[in-house]
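> Just dropping this structure here.
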Amino acid sequence: MSALSAVLFDIDDTLFGTTEFAGRARKNAVRAMCEAGLDLPIEDVERELAEVIAEFSSNYSRHFDKLLVRLGQPLRDDASAAIVVAAGVSAYHDTKFREIAPFPDVIPLLSDLKAAGLQTGIVTHGWTDKQAEKLVRIGVVPHLDADAIFISDEIGISKPNPKLYETALARMGLEAHEVMYVGDSPAHDIAPPKSLGMVTAWASRASKWTPSGESEEADHTIADFEELRAILREQYGVPF
């Protein structure tokens, strides 16, 4: 194996459990909306919200407004639609402020990679403000190289287009074989960088997918970042 100059990471379900966190936040939001006057069983509202998210994507900014319209605004007599939506938004953000955190082995690894002289960065898909906020909230920014953070919205190229990864390599001035990419989606985080010759590591612990076909088979599969640390030390000579 060749020496590495950089390790780049996905954010969602790689640095923190986005899917699990979002599930808790949405449950809290629905509960708050029902308490504020949405007159339907919580389970029915949760099902409809899941459809809204699936149809409009998690990046859509008005999930709760759309939810209320789709449900026909079934409100108690003393309730206000604006207050019900605001209750959902507030509960969601309260959960975010209170509970969002990286996996416990993330910051120690990032810190040690920097100390070992490797560049550390991000290649992520999503809206710039939302993805940047996640990095700030989970506390990883001090452990990343500022010029190695690549967000698809900001770059103008989305996953799984390999050009997103090509752009990252070009801006960092590195060859593909010098860079490892770590992510949870075989289709978005493994196949594209692998096609360029980057080293790939599939982070399986919070992944919703399994590899499908040879193109999605990573060089390494890791259950956590302690396993990644061992691989970096033993196979790539990173001096931890």
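The values are calculated or read from the model by the stated rules, or taken from the named source; none is laboratory data. Quick caveat, the model's predicted, so the values are computed rather than measured. Cβ sites come from the backbone with ideal geometry, for glycine too, and all protein chains shown count toward neighbours.
> Is the stretch 19-27 home to any residue that is polar (S, T, N, Q), over 20 Å from residue 79 (Cβ atoms) and not in a helix (DSSP H, G or I)?
No, that holds for no residue.
> Condition first: more than 16 Å from residue 166 (Cβ to Cβ), out of contact with any Gly (no Cβ under 9 Å at 6 or more places or on another chain), assigned by TED's automatic domain parsing to the domain that holds residue 152 and β-branched (Val, Ile, Thr). Can you find one or more residues in the stretch 199-213 that meet it?
Yes; the residues of the stretch 199-213 include at least one that is more than 16 Å from residue 166 (Cβ to Cβ), out of contact with any Gly (no Cβ under 9 Å at 6 or more places or on another chain), assigned by TED's automatic domain parsing to the domain that holds residue 152 and β-branched (Val, Ile, Thr).
> Continuing with this model, one more query. Would you pick out the residues in the stretch 200-223 that are assigned to a loop (DSSP other than H, G, I, E, B) and closer than 14 Å to residue 181 by Cα?
Selection gives 204, 217, 218, 219.
> Cβ contacts < 7 Å: first residue closer than 13 Å to residue 84 by Cβ and not assigned by TED's automatic domain parsing to the domain that holds residue 80, restricted to the stretch 44-65; second residue crowded, with 16+ Cβ neighbours inside 10 Å and of a type outside the set (Phe, Trp, Tyr), any location; separation 6+ or different chain. Result?
Hits for this filter: zero, empty list.
> Shifting gears a bit: Scanning the stretch 23-42 for residues that are of a type in the set (Lys, Arg) and touching a residue at least 24 places away in the same chain (Cβ under 8 Å), which turns out surrounded by the fewest Cβ atoms within 10 Å (Cβ to Cβ)?
Going through the qualifying residues, I end up with 24.
> Hey, another quick one. So, residue 192, is that one under 27 Å from residue 103 (Cα atoms) and part of a loop (DSSP other than H, G, I, E, B) or not?
No.
> Further question: Out of the residues in the stretch 157-199 that are buried (at least 18 other Cβ atoms within 10 Å of the Cβ) and of a type in the set (Val, Ile, Thr), which is farthest from residue 229 (Cα to Cα)?
The residue in question is 190.
> For the stretch 1-22, how many residues are touching a residue at least 40 places away in the same chain (Cβ under 8 Å) and under 22 Å from residue 97 (Cβ atoms)?
Count: 11.
> Any chance the stretch 157-176 includes a residue that's outside any loop (DSSP other than H, G, I, E, B), without any contact (Cβ under 8 Å) to a residue 12 or more places away in the chain and at negative phi?
Taking every residue of the stretch 157-176 in turn, at least one turns out to be outside any loop (DSSP other than H, G, I, E, B), without any contact (Cβ under 8 Å) to a residue 12 or more places away in the chain and at negative phi.
> A further question follows. For the stretch 43-145, which helices (runs of 4 or more DSSP H) that fit wholly inside it have 1 or more residues that are among the charged types (D, E, K, R), within 20 Å of the chain's Cα centre (by Cα) and surrounded by fewer than 17 Cβ atoms within 10 Å (Cβ to Cβ)?
Those helices (runs of 4 or more DSSP H) span 81-99, 128-137.
> On the basis of being in contact (Cβ under 8 Å) with a residue 60 or more places away in the chain, in contact with a helix residue (DSSP H, G or I) (Cβ under 6 Å, 6 or more places away or on another chain) and outside the structural domain of residue 39 (by TED's automatic domain parsing), does residue 119 make the cut?
Here the answer is yes, as residue 119 does meet what is asked.
> Which of the residues belonging to the stretch 5-22 are under 15 Å from the mean Cα position of the chain (by Cα), among the β-branched types (Val, Ile, Thr) and surrounded by 17 or more Cβ atoms within 10 Å (Cβ to Cβ)?
Residues satisfying the conditions are 11, 14, 18.
> Say we look at the stretch 200-240 and pick out the residues that are within 20 Å of the chain's Cα centre (by Cα) and of a type in the set (A, V, I, L, M); which of these is surrounded by the fewest Cβ atoms within 10 Å (Cβ to Cβ)?
Residue satisfying both the conditions and the ranking: 223.
> Next question, about the same structure. Do you know which residues across the stretch 55-73 are at pLDDT 95 or above and among the small types (Gly, Ala, Ser)?
Answer for the stretch 55-73, where residues must be at pLDDT 95 or above and among the small types (Gly, Ala, Ser): just 72.
> For the structure I just gave you, tell me whether residue 129 is without any contact (Cβ under 8 Å) to a residue 12 or more places away in the chain, of a type outside the set (A, V, I, L, M, F, W, C) and in the same structural domain as residue 11 (by TED's automatic domain parsing).
When the stated conditions are applied, residue 129 passes them.
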